[in-house]
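Quick notes on the structure that follows.
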Amino acid sequence: MNNNDNQLYQSLMMGDFSGEGDLIQLITDDEDENGQKNENYAKEIPILSVRNTVLFPGVVIPITVGRQRSIKLVKKAQKGDKLIGVCAQRNPNIEDPSWDDIYKVGTLAKIVKMIVLPDGNTTIIIQGKKRFKIDEELTEDPYFQANVTYLDETFPKNDEKIEALEQSLKEAAFKILQLNPEIPREAQVALDNIDSTPFLTHFLSSNINAPVESKQKLLEINDGIERATLLLEFMMKDIQMLELKNEIQKKVHTDIDQQQRDYFLRQQMKVLQTELGDEGPDKEVEELRARGKKKKWPKVVADQFNKELDKIMRMNPATAEYPIAINYAEVLVDLPWNEYTTDNFDLNRAKKILDRDHSGLDKVKDRIIEYLAVLKLKQDLKGPILCLYGPPGVGKTSLGKSIAKALGRKYVRMSLGGLHDESEIRGHRKTYIGAMPGKIIQNMKKGKSSNPVFVLDEIDKLSTDFRGDPSSAFLEVLDPEQNNAFVDNYLEVDYDLSKVLFIATANTLETLQPALRDRMEIIEVTGYTMEEKVEISKKHLVPKQRKEHGLKAKDITFSNDSLVKIIEDYTRESGVRSLERQIGKVIRNIAKSIAMEEPYQKKITPALVRKILGGEIFDKEFYQDNSLAGVVTGLAWTSVGGEILFIEASISKGKGKLTLSGQLGDVMKESAMTAISYLKSHADDLDIDYRVFDQYDLHIHVPAGAVPKDGPSAGITMLTAIASVYTQRKVKTKLAMTGEITLRGKVMPVGGIKEKILAAKRAGIEDIILCKRNQRDIEEIDDSYLKGVKFHFVDHVSEVLALALLEEKVSNPVKFSFESEGKKSEAS
């Protein structure tokens, strides 16, 4: 019996019918030996659905009726034969059940008494009569009515098995009475007075501590022996649970005195601390627990948090572990768990924000808009992590900030430069002194959102030492298939990073671990053209520097020519950092004049720029004439943009020695040797005397000898320069070229085409020779950058030489002289 049963039992025995529940009072009736009254009952009966109760034949229970449908049914039955069908409800939480929500086997009951309570509810006392099964559902309104079939029960007479079952049931019931002191003693008297096996089974079935489903199962069994056997099984389980409960209580009882003593002492300490104005550690723990109840975290995290708080309550605040445990609980409750900001997927607005914050970079911005479009349609971030790769100062980090602004998300930035400890990513185990979570979790706590835009700045600067490999720790962070359960050593519970939009930035890809690079989609941010830098200066840099130096728009203006002067003569970079510094110098000079109330020129001109910044720092390379043989203009890519490169070749009488100068790298040296080998094997095609290779030394030089140079871009340029010096033929005017060569004479494609073309335009080049496979790079460049330049696409070096070398000899050709078999011969 449960607690409600005990109270109702006492109520029924005392004649009080105002309680609720399902305890049974034994009531004698004119029944047959199977516990069933010999009477013919109607086939069509009203059905009352009851919660948490199963009625058995021969027993009496009080029921409180509160639903309008049930009240109508009871009042109607009270005026008639007082017979109703009682069926248990499958789900007690349903307020307005349908036919599907009640069991189909129930018990016919007679209303013994009806009491209307002051609160408007009605309590009825009903006695079970006979079991039935619903055959046909007739109506639902105003109450349930159904056609039923009454079920008979089979209890063998004078059977030894029945007698044994009856004895076992009574012994089990008495055992439960002994183990559970909450059951009133009157129940034993009631059991002693029962001498009918069917009714004993019904009485105990109604009173066992079992769920409605189990009691309903007993009600639906027709065979008496089978029902009594299952009932005995339920009762034996109840006995085992009660014995185990008593055993645990007995063990715990031995410690209760000490616990009570500690409790009273702690309560006294709490009172003293309250009087002194110091609430003590308990208040701190309760505040944390109250904050934890408001969190939307997973159940496993809530359990871990509450477990930690329970452990803190048992700790002495003076121990070293106490502050560690408090810090851990605070980290858990401070982290955002399933707390998301709402994304703004207005892509037109996002495009406007990107265009406003960044001039140029059209290809990069288009890719970002595509990424956001997929995110809008799919609502899922499982995909490659974006990695913005390019030289310094081109706006990679600020692009991440613009994306956060466009999406309406929180912005978090984590600098990875020089990070060399794996625990900086994964955190330390909290058992160590000074332990803390990794930077990923720390930044998530700062962001206060589970879906920020997270910029991993300078991911190529990660370093490795004996403390671990941080780049390997990032493999889990940046893998969409794994980061929904990111494990931080400090937290000890999984944290979901799958909704975070990660954007990495890098200056170079060479130092990135291949597995880490594989998880990211590389987007190259190449740098800005002259025109783009002018626009950036006018829209962003000048207003920013003017504001930082306390000037207003009316105090100073820059002409386009002055900005071009600064860009070309005082900076040499792909980005705009140095440009911003130089603009700042000019504005500072004007700010000084304003502060000292000196007269100054409001409009900045190129002449004023030179006066303020001094002499030009960088010289512009311009095309030189073709009056000398062996001088060819090449195109090169550098980290600060494109440049034109002069390759000079000269010959002198000697023994065929090759000299390379200008700090050339291995790749450029190999290109020179490849070019010479090709010319030796095709000397006849170019009308070169083969003896020149053995009797003249060749010197190849690339000016600006203090600057290291390397790369595959100078292959065809070197070949043309060597061919020009050996044949003494002029090179076409205002021509530049870039491409690599093979020994077979194939021209190979190279990179950095956009920057190289812009450099050629600045130098006054009109014709450019490129590999045919570089034609695809030209198609991606805006037509405005290509005006005034003619492109020649080639596959073989013979085409290069046909385009580059003129039939006309230079004005002062070298006169070759060869020694052959002791005789000297000359050739011009």
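The values are calculated or read from the model by the stated rules, or taken from the named source; none is laboratory data. Keep in mind that this is a model prediction, so the values were computed, not measured. Because the Cβ atoms are built from the backbone with ideal geometry, glycine has one as well, and the counts that use them run over all protein chains shown.
Give the number of residues within segment 652-673 that are within 25 Å of Ala802 (Cα to Cα) and crowded, with 19+ Cβ neighbours inside 10 Å.
Of the residues in segment 652-673, 3 are within 25 Å of Ala802 (Cα to Cα) and crowded, with 19+ Cβ neighbours inside 10 Å.
Could you list, in sequence order, all residues of segment 806-828 that are out of contact with any Phe, Trp or Tyr (no Cβ under 8 Å at 6 or more places or on another chain), closer than 27 Å to Val631 by Cβ and either at pLDDT 90 or above or exposed (fewer than 15 other Cβ atoms within 10 Å of the Cβ) (or both)? Spell out how you get there, then give the answer.
From segment 806-828, those out of contact with any Phe, Trp or Tyr (no Cβ under 8 Å at 6 or more places or on another chain) are 806-815, 817-823; that's our starting set.
Going one step further and asking which of them are closer than 27 Å to Val631 by Cβ, we end up with 806-815, 817-818.
Listed by number, the residues that qualify are Leu806, Glu807, Glu808, Lys809, Ser811, Asn812, Pro813, Lys815, Ser817.
Confirm whether Ala759 is within 45 Å of the chain's Cα centre (by Cα), hydrophobic (A, V, I, L, M, F, W, C), crowded, with 20+ Cβ neighbours inside 10 Å and closer than 26 Å to Ser627 by Cβ.
Details: within 45 Å of the chain's Cα centre (by Cα): yes; hydrophobic (A, V, I, L, M, F, W, C): yes; crowded, with 20+ Cβ neighbours inside 10 Å: yes; closer than 26 Å to Ser627 by Cβ: yes.
So Ala759 passes the test.
Looking for whichever is basic (Lys, Arg), under 60 Å from the mean Cα position of the chain (by Cα) and surrounded by 18 or more Cβ atoms within 10 Å (Cβ to Cβ) here; the options are Lys215, Lys175. Which one fits?
So the residue among Lys215, Lys175 that is basic (Lys, Arg), under 60 Å from the mean Cα position of the chain (by Cα) and surrounded by 18 or more Cβ atoms within 10 Å (Cβ to Cβ) is Lys215.
Could you grab me the full set of residues in segment 44-83 that are at positive phi and surrounded by fewer than 22 Cβ atoms within 10 Å (Cβ to Cβ)? It would help to see each step written out before you state the result.
Step one: list which residues in segment 44-83 are at positive phi, which gives 52, 58, 82.
Passing the criteria: Asn52, Lys82.
Quick one: which of Asp795, Asp777 is touching a Lys or Arg at 6+ places or on another chain (Cβ under 9 Å) and under 22 Å from Glu573 (Cα atoms)?
Asp777
Determine, yes or no, whether Asp619 is under 30 Å from Glu740 (Cβ atoms), modelled with pLDDT under 90 and out of contact with any strand residue (DSSP E or B) (no Cβ under 8 Å at 6 or more places or on another chain).
The answer is yes for Asp619.
So which of Ile61, Ile45, Ile27 ends up being at pLDDT below 85 and among the aliphatic types (A, V, I, L, M)?
Ile27 is the lone residue from the list that is at pLDDT below 85 and among the aliphatic types (A, V, I, L, M).
Residues being surrounded by fewer than 21 Cβ atoms within 10 Å (Cβ to Cβ) and assigned to a strand (DSSP E or B): count how many of those fall in segment 741-756.
Final tally of qualifying residues: 2.
How many residues does segment 358-416 contain that are closer than 29 Å to Gly752 by Cα, in a loop (DSSP other than H, G, I, E, B) and not aliphatic (A, V, I, L, M)?
Residues that pass the stated criteria total 10.
Just for segment 787-809: of the residues that are assigned to a strand (DSSP E or B) and under 52 Å from the mean Cα position of the chain (by Cα), which one is farthest from Leu735 (Cα to Cα)?
Here the answer is His796.
Looking at (1) surrounded by 20 or more Cβ atoms within 10 Å (Cβ to Cβ); (2) at pLDDT 85 or above; (3) within 26 Å of His358 (Cβ to Cβ), can you tell me which one Ile590 breaks?
Tallying (1) surrounded by 20 or more Cβ atoms within 10 Å (Cβ to Cβ); (2) at pLDDT 85 or above; (3) within 26 Å of His358 (Cβ to Cβ), Ile590 fails exactly one: (3).
Scan segment 512-531 and tell me whether some residue there is out of contact with any Leu (no Cβ under 8 Å at 6 or more places or on another chain), touching a residue at least 40 places away in the same chain (Cβ under 8 Å) and farther than 28 Å from Val394 by Cα.
No, that holds for no residue.
Please determine, by comparing only the residues of segment 434-463 that are over 13 Å from the mean Cα position of the chain (by Cα) and polar (S, T, N, Q), which one is nearest to Ile522 (Cα to Cα).
It comes out as Ser463.
Output the number of the condition that Lys110 fails; it satisfies all remaining conditions of (1) modelled with pLDDT under 90; (2) closer than 23 Å to Ser196 by Cα; (3) of a type in the set (Lys, Arg).
All conditions pass for Lys110, except number (1).
Would you pick out the residues in segment 538-553 that are in contact (Cβ under 8 Å) with a residue 12 or more places away in the chain and of a type in the set (Lys, Arg)?
Within segment 538-553, Lys538, Lys539, Lys544, Arg546 qualify.
Residue-wise test of (1) in the same structural domain as Thr464 (by TED's automatic domain parsing); (2) surrounded by fewer than 21 Cβ atoms within 10 Å (Cβ to Cβ); (3) at pLDDT below 85; (4) of a type in the set (A, V, I, L, M, F, W, C).
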| position | (1), (2), (3), (4) |
| --- | --- |
| Leu361 | yes, no, yes, yes |
| Arg367 | yes, yes, yes, no |
| Gly393 | yes, yes, yes, no |
| Leu399 | yes, no, no, yes |
| Lys405 | yes, yes, no, no |
| Arg409 | yes, no, no, no |
| Pro437 | yes, no, no, no |
